[in-house]
1. Would you mention how many residues in the stretch A:220-244 are facing chain B (nearest Cβ under 9 Å) and touching a residue at least 60 places away in the same chain (Cβ under 8 Å)?
2. If I ask for residues that are over 17 Å from the mean Cα position of the chain (by Cα) and farther than 25 Å from A:V175 by Cα, which ones from the stretch A:114-133 would you list?
3. How many residues are out of contact with any strand residue (DSSP E or B) (no Cβ under 9 Å at 6 or more places or on another chain) and either in a helix (DSSP H, G or I) or within 30 Å of A:I143 (Cα to Cα) (or both) when one looks only at the stretch A:224-244?
4. Name the residue that is nearest to the chain's Cα centre (by Cα), counting only residues in the stretch A:154-180 that are within 13 Å of chain B (Cβ to nearest Cβ) and of a type in the set (G, A, S).
5. Only residues in the stretch A:102-129 that are more than 13 Å from chain B (Cβ to nearest Cβ) and more than 23 Å from B:L216 (Cα to Cα) count as the first member; pair them with residues that are aromatic (F, W, Y) and surrounded by fewer than 21 Cβ atoms within 10 Å (Cβ to Cβ), Cβ under 6 angstrom, at least 6 apart or cross-chain, and list the lot.
6. B:G194: within 21 Å of the chain's Cα centre (by Cα), within 26 Å of B:S281 (Cα to Cα) and in a loop (DSSP other than H, G, I, E, B), yes or no?
7. Out of the residues in the stretch A:245-280 that are more than 15 Å from the chain's Cα centre (by Cα) and assigned to a strand (DSSP E or B), which is nearest to the other protein chains (Cβ to nearest Cβ)?
2 protein chains.
Amino acid sequence: MTTPAYAAVDWGTSSFRLWLMDPAGRILAERRSGEGMTSAAKMGFPQVLESHLQAVEAAADLPVIICGMAGARQGWIEAGYVDVPALLPAVLSGAVEVPQVNRKIHILPGLAQRAREAPDVMRGEETQLLGALDGSEPSGEQIVCMPGTHSKWVHLSGETVSGFSTYMTGELFEVVSKHSVLAHSLADAGSVDGDQPVFTAAVRAAFKAPQRLTNLLFTVRSGMLLAELTATDAAARLSGVLIGAEIAGGLSSSGSQAASIGLVASGRLRGLYEGAFAAVSLPFTPIDADEAVRAGLSAAARQILPLQLQRTT
Amino acid sequence: MTTPAYAAVDWGTSSFRLWLMDPAGRILAERRSGEGMTSAAKMGFPQVLESHLQAVEAAADLPVIICGMAGARQGWIEAGYVDVPALLPAVLSGAVEVPQVNRKIHILPGLAQRAREAPDVMRGEETQLLGALDGSEPSGEQIVCMPGTHSKWVHLSGETVSGFSTYMTGELFEVVSKHSVLAHSLADAGSVDGDQPVFTAAVRAAFKAPQRLTNLLFTVRSGMLLAELTATDAAARLSGVLIGAEIAGGLSSSGSQAASIGLVASGRLRGLYEGAFAAVSLPFTPIDADEAVRAGLSAAARQILPLQLQRTT
C-alpha cells in the first residue's frame with residue numbers, strides 16, 4: 001500500500017467525512033459519520049478527529065487539511081472569511097493552522113459577501129468550487145448550483161467568485177416537514193424521486209410562480225385535506241416546490257446571462273436536482289460533489305503542506 | 001342590562017374568543033383564551049365552551065354560534081366546506097348543529113377551493129368576510145387580505161368568493177425563528193413595528209424579488225454573522241421578508257386587476273401589514289378583524305336562530 005500523505009476532511013454542520021489520501025491524491029481509506037460541528041462542539045474537535053485517524057491507522061504526524069464549519073466561530077478554530085469578489089485559489093492562503101496539537105492541521109477559510117442588501121457566507125463550498133475548477137482553465141461567466149441544507153448559487157467569472165446567494169431549501173424542508181401544520185402525515189423525504197410526476201409538476205409550478213412559494217407550501221396541506229394527495233406525494237410536492245422556487249431565485253440572483261450552469265451534487269440530492277433541472281428544461285453540467293471537495297482539499301494540501309505531492313490531473 | 005340573545009364564538013387553532021351579544025348585536029361581555037382547537041381537543045370542546053359561558057353567567061339555554069377550526073375534522077363536529085366560487089351568504093345555510101347538547105350550538109362551515117393546481121381551504125375567515133361585507137352592497141372586483149398564521153388572499157366579485165390562496169406567513173415566522181439556524185439570538189417578534197426602517201426595507205426587498213424569499217431569509221443569519229444586524233433588527237427583517245413576499249404573491253394570485261384591496265386585521269398584525277402596504281405604496285381599506293368576525297357571527301345568528309334579532313347597521 002502507498003504511504004498516506006495527508007488526511008482530507010470535510011467537516012460540516014451535521015456531517016464529518018475523512019479521506020486518507022496518497023501523494024497523488026488517490027483515496028486510501030474513507031470515514032463518514034454524523035459527528036458534524038454540532039456534535040463535535042460537545043465531544044471535542046480533537047477527540048473526534050483523532051478517533052477517525054486512529055480508525056484508519058494514520059501516523060501520529062500525518063497532516064490534516066479541513067474545510068467546512070469546523071472553521072466557524074462556533075467551530076474548532078475560527079478560520080475567518082475571504083471577501084468576494086475573490087479569486088478562488090486565494091482561499092488557500094487564508095488557511096489557519098490549529099495551535100497546540102501534535103500534528104499539522106490546517107482549516108480553510110470560508111467566503112463572505114459583505115453587501116448590505118445581500119450579505120452572505122459559505123464554508124466548505126469554496127473548497128468544492130476550487131476542486132470543481134482544479135485543472136481546468138475556466139473563462140467566461142458561469143453559474144454553479146450547490147444544493148444542500150443551505151444551497152449556494154455562485155456566480156463565477158473565470159476563477160473569480162463575483163457573488164453568491166444562499167437558499168435555505170434543505171433546512172426549510174426539515175423545519176416545515178417536522179414543525180409546521182404539514183408535519184401531519186408527510187411521508188419520509190427519502191422516498192422522493194427526481195422523476196416522480198408529483199415532484200416535477202411541483203418544481204414547474206414553483207419555478208413559474210416563485211412569488212407564491214409559501215402558498216404552494218400550503219397546498220401540500222390543503223391537497224391532503226381535500227383528499228387529493230397521499231403522504232408520499234405530499235413529501236414530493238413539498239420538495240419540488242422548494243427546489244423549483246430555489247432554481248427561479250438562484251437564476252435571478254446569479255445573473256441569468258451566464259453561458260453555462262454547473263450542478264455540484266452527490267447522492268440523493270443529485271438525483272432530485274437533476275430531475276428538477278430537467279423539469280424546467282435547464283441544461284447543466286453535473287459535477288460530483290464528493291470528488292470536488294476532495295480535489296479542493298488536495299489542491300490545498302499541495303499548496304500548504306511541505307511535501308512533494310503530485311497532481312492527478 | 002339587556003338580556004343576552006346569543007354567544008358568538010371565534011374558535012381558531014390556538015385561540016378561543018367568545019362574545020355575549022344582545023339582540024341588536026352589541027357586546028355585553030367578552031372572553032379570550034388560548035384554548036383553541038388544539039387544547040380543546042384534549043380538554044373537551046363542551047367543557048371549554050361551558051366554562052366560558054358560566055364565567056359570563058350565560059343562561060343554560062343561550063344559543064351559541066361558532067366559526068373556525070372547531071368545525072374541522074379534528075375539531076368538535078365537522079362542519080364541512082362550501083365550495084368556491086361561493087356566494088358568501090350561502091355559508092350560513094351550511095351551518096351544522098352540534099347534537100346531544102343541552103343548548104342550541106351551531107358551527108359554520110369553511111370554504112374549499114377544489115382546484116387541482118391550487119387546492120385551498122379556510123375556516124373562520126369566511127365569517128370575517130361575511131361580516132366585512134354585511135350591510136354593504138359590494139359590486140365589482142375586490143381583493144381582501146386577511147393576515148395571520150395562515151394569511152388568506154381572497155378574490156371577491158360582488159358577494160361571490162371567486163377564489164383564494166393561503167400564505168403560510170405567520171407559521172413560517174414561528175417555525176423558522178424557533179427551529180432553524182435563524183433561531184440563534186433572534187429577538188422577540190413582539191418588538192417589531194410596522195414603521196421600523198429594517199422592517200419596511202425588508203418588505204420592499206422581498207416584494208421586489210419574491211423569488212429570492214428563502215435567500216432573503218438566510219440574509220437574516222448572514223447579516224448577523226457579518227455583524228451588521230442586531231437581534232431586534234433580525235426579527236424585523238425576518239418578519240418584513242415574509243410579509244413582503246406574501247404581498248407580491250397574494251397580488252399575483254388574486255388577480256391584480258382588482259380595483260380595491262381590503263385589509264382585515266386587528267392588533268399587532270394590523271400595524272405590521274399597514275406598515276408593509278405603505279412601504280410598497282399599495283392603497284388599501286382597513287377593516288377591523290374582530291368587528292368583522294362578530295358581524296359575521298351576528299349575521300349567522302339572525303339567519304339561524306329562532307329569535308327576533310335586529311340589525312345594527
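1. 1
2. Scanning the stretch A:114-133 gives A:R114, A:A115, A:R116, A:E117.
3. 13
4. A:G170
5. none
6. Criteria met by B:G194.
7. Across the stretch A:245-280, the extreme among qualifying residues is A:I261.
The rows are residues; the columns are (1) touching a Ser or Thr at 6+ places or on another chain (Cβ under 8 Å); (2) crowded, with 20+ Cβ neighbours inside 10 Å.
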{"site": "A:R204", "(1), (2)": "no, no"}
{"site": "A:S222", "(1), (2)": "yes, yes"}
{"site": "A:A234", "(1), (2)": "yes, yes"}
{"site": "A:S239", "(1), (2)": "no, yes"}
{"site": "A:G249", "(1), (2)": "yes, yes"}
{"site": "A:S254", "(1), (2)": "yes, yes"}
{"site": "A:G262", "(1), (2)": "yes, yes"}
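The values are calculated or read from the model by the stated rules, or taken from the named source; none is laboratory data. From a predicted model like this one, the values you see are computed outputs, not experimental measurements. All Cβ positions, glycine included, derive from the backbone under ideal geometry; neighbour counts span all protein chains shown.
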